[in-house]
1. Among all residue pairs at least 6 apart or on different chains, which show Cβ distances below 7 Å where the first residue, located in segment 34-49, is more than 15 Å from Gly213 (Cβ to Cβ) and the second is outside any helix (DSSP H, G or I) and of a type in the set (Ser, Thr, Tyr)?
2. Restricting to segment 145-200, give me the number of residues that are free of Cβ contacts under 8 Å to residues at least 60 places away in the same chain, assigned to a helix (DSSP H, G or I) and among the hydrophobic types (A, V, I, L, M, F, W, C).
3. Are there any pairs with C-beta distances below 8 angstrom linking a residue in segment 113-132 that is closer than 16 Å to Met203 by Cβ to a residue that is of a type in the set (S, T, N, Q) and part of a loop (DSSP other than H, G, I, E, B), with the two at least 6 apart or on different chains, and if so which?
4. Out of everything in segment 124-134 that is surrounded by fewer than 23 Cβ atoms within 10 Å (Cβ to Cβ) and of a type in the set (Val, Ile, Thr), what residue ends up being farthest from Phe31 (Cα to Cα)?
5. Can you pull out every residue in segment 99-110 that is of a type in the set (A, V, I, L, M), within 13 Å of Tyr43 (Cα to Cα) and buried (at least 16 other Cβ atoms within 10 Å of the Cβ)?
6. Considering (1) in a helix (DSSP H, G or I); (2) exposed (fewer than 15 other Cβ atoms within 10 Å of the Cβ), say which one Thr60 fails and leave the rest.
7. How many residues are surrounded by fewer than 20 Cβ atoms within 10 Å (Cβ to Cβ) and over 15 Å from Ala166 (Cβ atoms) if we restrict to segment 75-91?
8. So, Leu165, is that one under 12 Å from the mean Cα position of the chain (by Cα), surrounded by 20 or more Cβ atoms within 10 Å (Cβ to Cβ) and within 17 Å of Ala78 (Cα to Cα) or not?
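Where a number appears in this text, it was derived from the coordinates with a stated rule and is not lab data. Please read all numbers here as calculations on a predicted model, not as lab measurements. With ideal geometry, Cβ positions are generated from the backbone for all residues, glycine too; neighbour counts draw on all protein chains shown.
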Amino acid sequence: MADEHDTTESPASTARAPFAPWDRRELPGSFDVAETARRVGNYKWTEMKLFEALGGWVATVPELDVKMRLGTHCYHHAWHAELWHKRLPELREMKPERLTVPANEAMERFIAAMTEPEAPELTIEKLVGVYRVLIPRFVAAYTYHMNHTSEITDAPTIRSLKHALADEYDDWRDGEMMLQSLITTPEHVERAARHQATLESLMVEAGGITGPGSIG
């Protein structure tokens, strides 16, 4: 029988939570290592494709202001791809190239359709694909990932997400302002809307940058 004056607490009652008293998060995030690696590989592939597209358009876009802005954004996406490349070996003992893949075949078709406009007079279509369809999907996927992973067990990924998101927001704003400066007639409105609808349909089929689970 325990001594009624014994005030010694059991080990269970003195165990400290993994976080500060005001923080009620659970230790693990929503993604295991394999799922994080899969998503990061999809991010890297898509950022690389966007870098390649913008870099190619810089040489053909006739509007000087658009050309200069695309050059700046181009290197943002190259840097993002490098961030994700550096995360892959730390997340899983696999070659990064094996994980650097599109989410699915529909995502490949989306990129092909987004990069299809080549003629110099198709600047509106080029910008619509990037700034009204693809970059908003980056914002959605990155935000969802950041809100569903652990700041303790996956802090490096969260840091990369924050850096990438800052660029995506800035580029999104720049792209919309460029589009508004170019869309000045009803015919321009029709062109932009028609191309956006085509690309949105492909993106919906893909389910987003990481597939159907892009935002949950």
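1. Between residues of segment 34-49 that are more than 15 Å from Gly213 (Cβ to Cβ) and residues that are outside any helix (DSSP H, G or I) and of a type in the set (Ser, Thr, Tyr), the close pairs are Lys44/Thr100; Trp45/Thr100.
2. 12
3. From residues that are closer than 16 Å to Met203 by Cβ, the pairs are Gly129/Thr115.
4. Taking the candidates together, the pick is Ile124.
5. Leu99, Ala103, Met107 - these are the residues of segment 99-110 that are of a type in the set (A, V, I, L, M), within 13 Å of Tyr43 (Cα to Cα) and buried (at least 16 other Cβ atoms within 10 Å of the Cβ).
6. All conditions pass for Thr60, except number (1).
7. Result for segment 75-91: 6.
8. no
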